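Here's the structure, in structure tokens; my notes come after.
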Amino acid sequence: MVNKAFNAMGAKMGCGMKQTNAQEIAGDVLLWLCAQEELLGVFLSATGADVGDLRAGLQAGAPDAGLATAALDFVLMRDDTVLDAATALQLAPDRLAMAAAVLAGEAGMHWT
């Protein structure tokens, strides 16, 4: 029931983003973050991941979904980082937030 409401709400808001699109955006954000020397160390410290985790995921052809989602959440913590990533990826900044909402699903819904 809640899932239907969430999907209807997303459609009403014009989101229309599919899970695969959200995962692609998260993966692109992770790749962008890997090129940001000053942010990458902070991200790795915050997540407990290491360069080997990133390398393994990228060499496999697709980054780990959890790590990509963590990268998206990390970028969304600061407005300037959102704007930098969105500009680099040629996306509207709200697309990053939409992707995070789609990946979080029902668990990410907050009513307060």
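The values are calculated or read from the model by the stated rules, or taken from the named source; none is laboratory data. Worth saying up front: this structure is predicted, and the values here are computed from it rather than measured. Cβ placement follows ideal geometry from the backbone for every residue including glycine, while neighbour counts extend to all protein chains displayed.
With a requirement of 2 or more residues that are at pLDDT 85 or above, the helices (runs of 4 or more DSSP H) lying completely within the range 1-71 that satisfy it span 19-34, 37-47, 51-59. I'm trying to understand the selection: among the residues of the range 72-104, which are of a type outside the set (Asp, Glu), part of a helix (DSSP H, G or I) and out of contact with any helix residue (DSSP H, G or I) (no Cβ under 7 Å at 6 or more places or on another chain)? Those that are of a type outside the set (Asp, Glu), part of a helix (DSSP H, G or I) and out of contact with any helix residue (DSSP H, G or I) (no Cβ under 7 Å at 6 or more places or on another chain): 87, 97, 98, 104. Inside the range 16-43, residues that are surrounded by 15 or more Cβ atoms within 10 Å (Cβ to Cβ), more than 17 Å from residue 82 (Cβ to Cβ) and over 15 Å from the mean Cα position of the chain (by Cα) make up a count of 0.
One residue stands out in the range 58-69 among those that are surrounded by 13 or more Cβ atoms within 10 Å (Cβ to Cβ) and touching a residue at least 24 places away in the same chain (Cβ under 8 Å): the one that is farthest from residue 19 (Cα to Cα), namely 58.
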